[in-house]
Amino acid sequence: MAEREAGDVTEDGRTTTGSDDAGSAERWDAVVVGAGPNGLVAANRLVDAGWSVLLLEAQPGVGGAVRSDRDVHPEFVHDTFSAFYPLAGVSPTITSFGLEDHGLTWRHAPAVLGHFVGDRWALLHRDREVTARSLDAFATGDGQAWLELCEEWDAVGDRLVDGLLSPFPPVRAGLGLAARLPRVGGLEMVRTLLTPALDLAHQRFSGSGAQVLLAGNAGHADIPLDAPGSGLMALMMSMMGQTVGFPVPEGGAGRLAKALLHRFTSKGGRVRTSTEVTRVLVEGGRVTGVETRDGDRHAAGAVLADVAVQHLYGRMVAPEHLPERVRRGMRRFQMDPGTVKVDWALSGPIPWRTAPEHAPGTVHVADSVEEMTRALTQVHSGAVPARPFMLTGQMTTSDPTRSPRGTESFWAYTHVPQVVSTDAGEDGLVGRWDHDENERFADRMQAEMERLAPGFGDLVAARRVLGPHEMESLDANLVGGGVGGGTAQLHQQLVFRPVPGLGRAETPVKGLYLASASAHPGGGVHGACGNNAARAALAHARVRRALPFGR
């Protein structure tokens with residue numbers, strides 16, 4: 001397979017486009033549409049196999065929801081979207097790329113996660129003994145219960161993560177997990193994994209410290225805390241924090257995307273930014289390439305789409321190329337809730353009412369499990385919560401390069417309904433999410449910080465608010481501000497993602513693969529969606545070569 005000359009890549013991840021005529025005349029083994037983390041992973045996996053690969057991105061730079069900027073304040077680096085990457089730390093795909101050889105350095109805060117409850121901190125620390133002591137301060141015995149939970153995870157956690165990130169069904173990882181389950185109680189452990197987070201927190205722990213840590217980690221997804229699946233999320237996020245921490249790229253999230261890009265182009269891959277793909281070309285039920293908004297066509301034997309499934313089915317792929325079951329399934333496809341994110345440039349460290357023993361990178365903001373549950377329930381019922389459950393990040397605490405010494409690059413985000421009724425009542429807001437509404441809601445979020453850290457507002461040197469519309473305008477995959485590529489609830493996972501009967505990267509169009517978070521296993525910076533799509537494309541190519549006449 002022919003090698004292609006790498007495009008010129010600038011410091012911020014932008015690329016020179018080169019000659020459009022040359023690009024249109026070439027035939028590529030694969031075109032990858034979208035240079036988010038999944039698209040970058042897919043492109044790397046294919047170029048490793050010797051394929052000629054063209055990566056096309058609509059935005060001026062690569063990274064999708066993994067990028068950083070200095071737009072809030074010129075002396076502060078803020079991660080525009082995602083910020084902490086425990087899934088990258090455990091992902092066999094991400095770790096296999098050796099990104100440290102391409103400029104990536106991981107940094108950690110002194111503590112992984114903190115939750116301020118009353119006048120005390122519940123802390124998740126990479127040293128499990130430190131975590132246990134923190135939890136014992138809330139209820140004697142909770143520390144030992146935490147250590148027992150860690151031991152159970154030690155026995156099965158790696159197999160469980162491998163299974164979740166593998167193409168469905170995960171036969172090899174599933175067999176490995178089944179072999180280990182007897183060590184941790186067999187079906188009793190299965191029951192634990194299926195238990196909702198709310199019940200799991202109360203069954204395993206008696207103190208509020210451990211309970212808010214577990215429930216807060218479940219709140220990273222959009223699964224209700226009283227629904228199956230939330231307990232697995234709570235356990236997985238908590239134990240990843242315990243084993244690999246919540247690492248951040250030194251210098252900003254964009255350094256992770258840049259490392260993936262550098263690896264790809266160093267191996268001969270070609271990338272074009274500011275190039276929006278508007279149509280996937282199909283003949284006789286098989287993909288033949290893509291067409292861009294400016295009318296260029298790029299021929300390819302395979303197309304891997306790191307795009308939201310709503311954009312792929314019925315827009316980029318014409319409806320007549322899709323079976324009725326897919327068109328019907330897409331009418332029921334459910335996005336995850338929207339997001340409002342606030343970035344602050346603070347002139348000093350956050351003045352918490354009580355300073356934590358170890359400064360956490362991530363801080364969850366809710367007074368109790370009950371308050372957290374109430375806020376998330378309001379979101380799912382279509383109301384904007386009066387007291388939002390917030391996930392926040394002390395980024396200079398995690399990586400001192402993010403802002404000048406003695407300052408803090410800080411953010412908070414919370415989920416809001418995808419569609420909000422205009423009569424949401426005293427707990428709600430009108431759901432336009434225009435500039436004024438975003439600012440009012442950001443004031444509400446800042447008031448929550450002021451309550452826990454009196455004087456917080458006096459430290460604000462600059463503030464940026466990204467509402468659902470701003471999120472989507474910066475990354476078209478974040479439909480309505482949803483950051484997970486679709487709900488993570490069980491009715492839209494596994495064989496039900498993105499529509500019932502698929503569950504894999506393959507699509508009804510031969511040679512076209514869904515490589516975004518809309519595919520199994522869903523959201524998070526683990527690269528599995530892109531890796532699974534690349535593996536499928538490579539496997540199908542091997543089969544075609546083995547068949548008569550190369551079909």
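The values are calculated or read from the model by the stated rules, or taken from the named source; none is laboratory data. Keep in mind it's a predicted model, so treat the numbers as computed, not measured. No Cβ is skipped: glycine too gets one built from the backbone with ideal geometry, and neighbour counts run over all protein chains shown. Remember, those area values only see protein heavy atoms, side chains included, never the ligands or the DNA or RNA. Shrake-Rupley method; radii C 1.70, N 1.55, O 1.52, S 1.80 Å.
For the stretch 55-95, which residues satisfy the criterion of being within 21 Å of Arg263 (Cβ to Cβ) and more than 19 Å from the chain's Cα centre (by Cα)? Answer for the stretch 55-95, where residues must be within 21 Å of Arg263 (Cβ to Cβ) and more than 19 Å from the chain's Cα centre (by Cα): Leu55, Leu56, Pro60.
Of the residues Thr93, Thr131, the single one that is of a type in the set (Ser, Thr, Tyr), open to solvent by less than 50 Å² (accessible area, probe 1.4 Å) and under 30 Å from Ala536 (Cα atoms) is Thr93. If you go through the stretch 271-315 and keep only what is among the β-branched types (Val, Ile, Thr) and within 22 Å of His540 (Cβ to Cβ), you end up with Val277, Val280, Val282, Val287, Thr288, Val290, Val303, Val307, Val309. Considering Val47, Val62, Val77, Val72, the condition of being touching a Gly at 6+ places or on another chain (Cβ under 7 Å) and part of a strand (DSSP E or B) is satisfied by Val77 alone.
One residue is enough: does the stretch 461-471 have a residue meeting the conditions under 24 Å from Leu304 (Cβ atoms) and at pLDDT 95 or above? Yes: one or more hits.
Yes or no, residue by residue, for (1) modelled with pLDDT under 95; (2) in contact with a His (Cβ under 7 Å, 6 or more places away or on another chain); (3) within 27 Å of Gly382 (Cβ to Cβ):
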site	(1), (2), (3)
Leu490	yes, no, yes
Val495	yes, no, no
Pro500	yes, no, yes
Arg504	yes, yes, no
Tyr513	no, no, no
Ser516	no, no, yes
Gly524	no, no, yes
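Criterion first (in contact with a helix residue (DSSP H, G or I) (Cβ under 6 Å, 6 or more places away or on another chain), under 22 Å from Thr131 (Cα atoms) and surrounded by fewer than 20 Cβ atoms within 10 Å (Cβ to Cβ)) does Leu200 satisfy it? When the stated conditions are applied, Leu200 does not pass them.
Yes or no, residue by residue, for (1) at pLDDT 95 or above; (2) under 30 Å from Phe496 (Cβ atoms); (3) out of contact with any helix residue (DSSP H, G or I) (no Cβ under 9 Å at 6 or more places or on another chain):
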{"site": "Gly98", "(1), (2), (3)": "yes, no, no"}
{"site": "Asp101", "(1), (2), (3)": "yes, no, no"}
{"site": "Pro110", "(1), (2), (3)": "yes, no, no"}
{"site": "Arg126", "(1), (2), (3)": "yes, no, no"}
{"site": "Val130", "(1), (2), (3)": "yes, no, yes"}
{"site": "Leu147", "(1), (2), (3)": "yes, no, no"}
{"site": "Arg159", "(1), (2), (3)": "no, yes, no"}
{"site": "Leu164", "(1), (2), (3)": "no, yes, no"}
{"site": "Pro170", "(1), (2), (3)": "no, yes, no"}
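Might you check whether a residue that is in contact (Cβ under 8 Å) with a residue 24 or more places away in the chain, open to solvent by less than 60 Å² (accessible area, probe 1.4 Å), part of a helix (DSSP H, G or I) and under 18 Å from Ala253 (Cβ atoms) occurs anywhere in the stretch 109-119? The answer is no, given that none of the residues of the stretch 109-119 is in contact (Cβ under 8 Å) with a residue 24 or more places away in the chain, open to solvent by less than 60 Å² (accessible area, probe 1.4 Å), part of a helix (DSSP H, G or I) and under 18 Å from Ala253 (Cβ atoms). Restricted to the stretch 333-372, and to residues there that are among the β-branched types (Val, Ile, Thr) and in contact with an Asp or Glu (Cβ under 7 Å, 6 or more places away or on another chain), the residue that is nearest to Gly486 (Cα to Cα) is Val365. Close Cβ contacts (under 8 Å, 6 or more residues apart or on different chains) running from residues in the stretch 519-534 that are free of Cβ contacts under 8 Å to residues at least 40 places away in the same chain to residues that are part of a helix (DSSP H, G or I) and buried (at least 24 other Cβ atoms within 10 Å of the Cβ) comprise Gly522/Cys529. Residues that are touching an Asp or Glu at 6+ places or on another chain (Cβ under 9 Å) and under 30 Å from Ala299 (Cβ atoms) were ranked within the stretch 479-518; the one that is surrounded by the most Cβ atoms within 10 Å (Cβ to Cβ) is Ala517. Every condition in (1) assigned to a helix (DSSP H, G or I); (2) touching a residue at least 24 places away in the same chain (Cβ under 8 Å); (3) more than 20 Å from Val62 (Cβ to Cβ); (4) open to solvent by 10 Å² or more (accessible area, probe 1.4 Å) is met by Asp458 except one, and the failing one is (2).
Remark: pairs (first residue in the stretch 279-304, under 12 Å from Leu512 (Cα atoms); second residue open to solvent by 80 Å² or more (accessible area, probe 1.4 Å); Cβ separation under 7 Å; 6+ apart in sequence or on different chains) = Leu281/Arg297; Gly285/Lys510; Arg286/Lys510; Val287/Lys510; Gly289/Arg297; Val290/Arg279; Ala300/Arg27. Screening the stretch 13-44 for residues that are open to solvent by 20 Å² or more (accessible area, probe 1.4 Å) and assigned to a helix (DSSP H, G or I) and picking the one that is modelled with the highest pLDDT gives Pro37.
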